[in-house]
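Here the structure is laid out as structure tokens; the discussion comes afterwards.
The values are calculated or read from the model by the stated rules, or taken from the named source; none is laboratory data. This one's a predicted model, so the numbers in the text were calculated from it and none came from an experiment.
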Amino acid sequence: MNLFLFLLLSVFLSFIIFFLSFLLSSKQDDKEKLASYECGFNPFEDSRVEFDVKFYLVAILFIIFDLEVSFLFPFIVCFDQIGILGLEVMYFFLLILTFGFIYEWKKGALDWT
């Protein structure tokens with residue numbers, strides 16, 4: 001019963017905060033709101049110009065390697081319980097990750113130019 005009341009109260013407060021921020025916020029666009037924000041300067045050409053594929057490739061590789069490193073946290077949390085087999089699995093995972101990084105580096109996928 002307490003959990004239900006807590007859930008009901010949190011949903012109610014969320015709706016109140018959402019609607020108050022909607023009602024009290026400014027609706028007029030100003031110079032700061034309309035300024036370009038991604039690069040810090042106005043675009044030179046049409047926004048439909050094609051980007052180089054390497055931009056997306058580097059971004060995807062960053063996400064992949066970042067997520068793979070996050071898989072190491074379970075090994076760190078239970079390091080004293082995994083035993084020698086778990087340690088070998090972690091080393092194998094790091095070996096595959098290192099070979100993948102070296103392969104991408106040698107192929108030139110991490111170069112911006």
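When segment 79-113 is filtered for residues that are β-branched (Val, Ile, Thr) and within 25 Å of Tyr56 (Cα to Cα), the ones remaining, listed by number, are Ile96, Thr98, Ile102, Thr113. Does at least one position in segment 52-72 carry a residue that is at pLDDT 80 or above and aromatic (Phe, Trp, Tyr)? For segment 52-72, residues at pLDDT 80 or above and aromatic (Phe, Trp, Tyr): present.
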